[in-house]
Every structure is written in C-alpha cells, then in structure tokens.
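Just so it is clear, none of the values below were taken in a lab; they were calculated from the coordinates. All of these numbers come straight from a predicted model, not from anything done at the bench. Neighbour counts are summed over all protein chains in view; Cβ atoms, including those assigned to glycine, are modelled from backbone coordinates with ideal geometry.
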Amino acid sequence: MRVRQQIIPYLFLLPALILLIVFNLLPTIATVVESTFVISLRSGERVFAGFANYNRIFNDPVFWKSLQVTVVFSLIVNPLQIALALGLSMLINQKLPGIGIFRSIYLLPVAVSLNVTAIVWRLMLDQNTGMINGILFNLGIERQPFLHSVDLALWSIIMIASWIGVPLWSLFILAGLQNIPPPVLEAAKIDGANAWQSFTRITLPLLRRVLAFVLVADTVANFLLFAPILLTTQGGPQLSTNLILYETYRRGFVYGDLGASAAMLSVMLVIVFIIVGLELYVLRGQD
Amino acid sequence: MGRLNIFGSGRSQSTLPNYIILILLALFAALPILLLVSNSLKSTSEIASSPFAVPRDFLWSNYGEAFDKGNYAVTIRNSAILTISTIAGSLTVAGLAAYALSRLKLKGSNVLSFYFLVGIGVPAQLFIIPLFFMWKQLGLVNTHVGLIIIYTALQSPFATYLLRSYMLSIPEEFVDAAKIDGASDWQVFRHIIAPLTGPGFLTAGLVIGLFTWNEFLFAVTFLPEKEFKPVATSLYAFQGRFSRDWGLTNAGSVIMMAPVLILFLALQRRFIEGLTQGGLKA
C-alpha cells in the first residue's frame, strides 16, 4: 500500500517523461553516435570513422560561413526583438482610449504562419513590384534588391522574423507587466521617481523572470530559424543567409550526407546547451 | 512638448506622440496582411501592374479556384486532425505532469522540473534527422499519428511549465479538504485541480493550436505524401506549381490564415489573462 502510494505520483509524470526521453535523450545519443559514422564509398556500408566527420566539417568553409552568419544574425536579431518587444508591450499596456484596437492589430502577426509571412514579404520586398520599393521610389530613393543582395538579404530575413517575433514575445512581456501591482509604481512616483527611474529600478527588475524566459525561448527560436530561409533566399545570395539549421537540413536531406549533418547537429547541440545553461543560470539566480 | 509616455502612468503630457507611434506600428503590423487580402482578389497581371492598389474588380473566383487547386478540402481536414489531436494529447500529458510536479510529493521534483525547462530549450528541431530515420523504421512517416506524437512531444514541456505555474497558485485548502474526505490523487486532479486550471488549459491549448496549424519543418519532412499534407505545406507545394499565379497564392494564403487569425483575435484577451495568471513562475 505504501509502495503503491509512492508510485502513483510518478505514474502521472510517466507519459511526459517518456516523451522527453524519446524526443530528447535518445535522439541526442543517436545524433552523437551517427556523427561518428560515414558511408563507405567502396562497400556502401556504414562504418565507424571516429572524428572524421568533424574533421570534414571543421575544414569546410561553408560550415564556418554558416556558423558565422548564424552568430551575426543571433547577435542582431535577439537584442533587437527583445528591446522592441519590451517597448511594444509597454506601449500597449497604457490606458489610452482605443488602445484595445491597437493591441489587437499588433498581435495579428502572431497568428500568421512563417510561410505565409515569407510569401507576403517576398512580394512586399520584390525589387520591381514590391510595396517597399514602391514607397522608396516615390521618396526618390533607388529600388533595392532586398532579397538578392549580399548586403541586404540577412537584414530582410531579420525583418521578416521580427514581424512575428516582436509581437509574439511582447505577449509574454505584456503578461509580466500586468502582474506588476499598480500601487508599486504609484508609490515610486509619490517618492519622486521620474519615469526613467521607475522603469529601470522597478519595472525591469520585476520583469526579470519573464525577460529571462523570453531570452531563452527567443534565442533558441532564432537559432533554429528555417522556414523563411527555405521560402525566400534558400541560403543565398552567396551563402549570406545560410543559417546553420538550413545548412544542416540541406546536408542531410538534400545531399544525403548524414554523417556531416549529424556532426553539425552535435556542434549545434553543444552550443544550445551552453546558451540555455547560461540563460537558465540567470533564471535561477533570483530565487 | 508632449513626450513619449510609456514609462509612467501620468496624464499630464499630451498623448498625441503616443498615437502617432501607435498608428505607424499598426501600419507595419497590418499592411502585409491587408496587402495579402487585397492581392488575393486580383489577377496576377493586376498584382504586377498595381500591387498595392485596391482591387479593380474583386476577383472572388480566386478563392474557389485556390480552394480546388490547392486541394483544401483535404488539407484543411488534415490540419484539423493534426491540430485537434495535438492539443488533446499535449494538454493531457502536460496536465498530468504539471499536477505531479506541482502538487504531489515527488522525490527529485526540482530536478525533474529543471529537465522540463531543458526540454523547452532544446527542441526536437535539432533532432529532425535521427527522428526521421527512427520514424521510417517504425513505419510512422506519412501517418498523422506519427506527426501528432512528435508535435505532442514538442509542445508538452512548455505546456507543462505553464500549467505547473497555474496549479501552484491554487490554494492548498481546496486539496486538503478533498483529501480529508478521502479523495484519491486521481480524484483530486480530475475534480479539483483540472477544473480550476481551466484558463491555463485554454492559453496552453491556444499556443499549441497556433503552433500546430502553422508548423512547417516537421510537416514537410514527415508527411511528403500529398493525401496527408496539412495546409501549411500544401500551400508551399501549391506555390511551386502555380508560382506565376500570385492571385491564387494569395487567396490560398488567406484561406490558411483566416481560421487561426479569427480564433486568436476572439480569444486574445483570455489568452493574455491566462499568461498573466500563470505568471511563468520558475
């Protein structure tokens, strides 16, 4: 009877745990194992190759270029999205007449899928017929090849990702803002704090937990950005938007080079573990 | 003189600059969607010649044609099956797990909670290639069940996390009273915790539904067969086949977007409330 009672809680947890093991633990092991095998050219069989795949990708300029693009992309897109999301959530948290309508409009992109977004923005950014270039042209600015120039393509991807990302993360921050009791902010005001002081000393610290969550989720989501690349630039021009998950996917499924693909995934896993570990450390730091 | 007023709640400054920013942002958010809808009522040649004018003769026939050519009768059904099953599966799995983590005396509950956080942080996208070969061996590629299992696994950690925060905020007295009356853990979950967590389930369900309806990477990989494709990936195939017909592509996009957009708008307020009450407590 006592044993049964001790087992029951774990039964509630069991389905979730099985899913976590099957979809997290086993594939991690499978990926790392796969990364040490190559398909032999002579016999066509899978043979153990130690670090051969890693050697191959570490000597491959395409891999390094892809990693570099991903790092640059992440360093721009994450701070940008979080700062804008914070601003947007504060904007729509105000009590202004008609704010409800604006709030609904801003949150519209959240419900739109990334591939519809990619289709729309591909039209909007078209060099000849796109709306953005139409506006630029009317302002007397030259038409820009947004998705076809090495200098602009990554920025276009950043904008497409942020069109959804900013309102999405602002939803979470908005929820955090609404959790701050108004008397706290009023008290600060009575004590003579100006708007900036009460923002940095009260609002931000009280949002730390939500911001940490948004930081983790946003970093990972952007690290794994895939659909907009496939649907707009396909990594080009000249690999300037060849983000790491897209490169991995292409190696594995298009070129059938599973060893290299698994080695890249293992590298990505290490990176994600480090980032998530660091960010969770921040999350824990405040308890 | 009015300056941007988002930092405080003072009413002294003019609100005009606020409204200017609000309107500019609204244009940025809404224009692509308006453009999509407007272009869905044009012919391809009209889109090319005047891409951002109001449609000349409102080509409603685009919708019928897109619906037929894009095989929407089948794909919408497929998407509905995937979405509804994933919501049901994830909420069940996550609800039970959240109950165990928040309410039951569990050895190592902190470690396990932490592992669920890691599960959110290390999503299955990273494992798509080993998963694909695993699923192929199990005969689960090109089956809805196979993808539903993946989606459920993908969504459960976040849902568990959200629901756990929710359940932690339910007062202990409710549970104690029931236990004194002799209720089992299952009865407490079924009759007290689950009903009181209703708004949390709604919020989590909406997040899961949005994700599943719009998901692309797994759908395109695990359901290559035409008869199983959901709207998200059939739209992509359709876009390739009729790439020159932008009118149809746009109409097809609107058909895909409309149901979730309307649902999300209708439930938006409750959705934010759900996130707020959940409070995302670690």
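Computed quantities for the displayed model
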item	result
Protection proxy ranking of B:89-98, A:220-229 - average other beta-carbon atoms within 10 Å, highest first	B:89-98, A:220-229
Lys, Arg +1 and Asp, Glu -1 on Cβ, resulting dipole of chain A about Cα centre, debye, nearest 20	540
Pairs from B:K42/B:K136; B:K42/B:K229; A:K65/B:K69 whose Cα-Cα separation, in the structure shown, is over 31 Å	B:K42/B:K136; A:K65/B:K69
Alpha carbon convex hull of segment A:35-284, projected area averaged over orientations, nm²	17.9
Among A:L204, A:L231, A:L96, residue whose mean-square fluctuation peaks in a GNM of chain A (springs only between Cα atoms under 10 Å)	A:L96
Cα-derived Rg over Rh, computed across the protein assembly as shown with Rh taken as Kirkwood radius	0.97
Estimated Rh, segment B:124-223: Kirkwood, alpha-carbon pairs, angstrom	15.8
Over segment A:102-143, equivalent-ellipsoid semi-axes from the Cα gyration tensor in Å	25, 14, 5
Candidates B:L36, B:L263, B:L147: whichever shows maximal mean-square fluctuation once chain B is modelled as a Gaussian network with Cα springs under 10 Å	B:L263
Reach of B:K105 by Cα under 20 Å, taken over aspartates and glutamates that are not fewer than 8 positions away in the same chain	B:E172, B:E173, B:D176, B:D181, B:D185
Dipole magnitude of segment B:35-169, debye to nearest 20 (Cβ charges: Lys/Arg +1, Asp/Glu -1, about Cα centre)	660
Förster radius 25 Å - calculated FRET efficiency between B:F133 and A:E45, Cβ distance, rounded to 0.05	0.95
Pairwise FRET efficiency - B:E225 versus B:I180, Cβ, R0 = 41 Å, nearest 0.05	0.15
Candidates B:Q268, B:Q155, B:Q137, ranked by Gaussian network fluctuation over chain B, Cα under 10 Å, top entry	B:Q137
Filtered trypsin sites (Lys or Arg not before Pro), segment A:1-70: DSSP coil and at most 11 other beta carbons within 10 Å	A:R42
Assigned charges on the beta-carbon of Lys, Arg, Asp, Glu; segment B:64-278 dipole about Cα centre (debye)	280
Aspartates and glutamates with Cα under 18 Å of A:K189, excluding same-chain neighbours fewer than 8 positions away	none
Base-10 log of normalised Debye intensity for chain B (one unit scatterer per alpha-carbon) at q = 0.07, 0.13 Å⁻¹	-0.38, -1.03
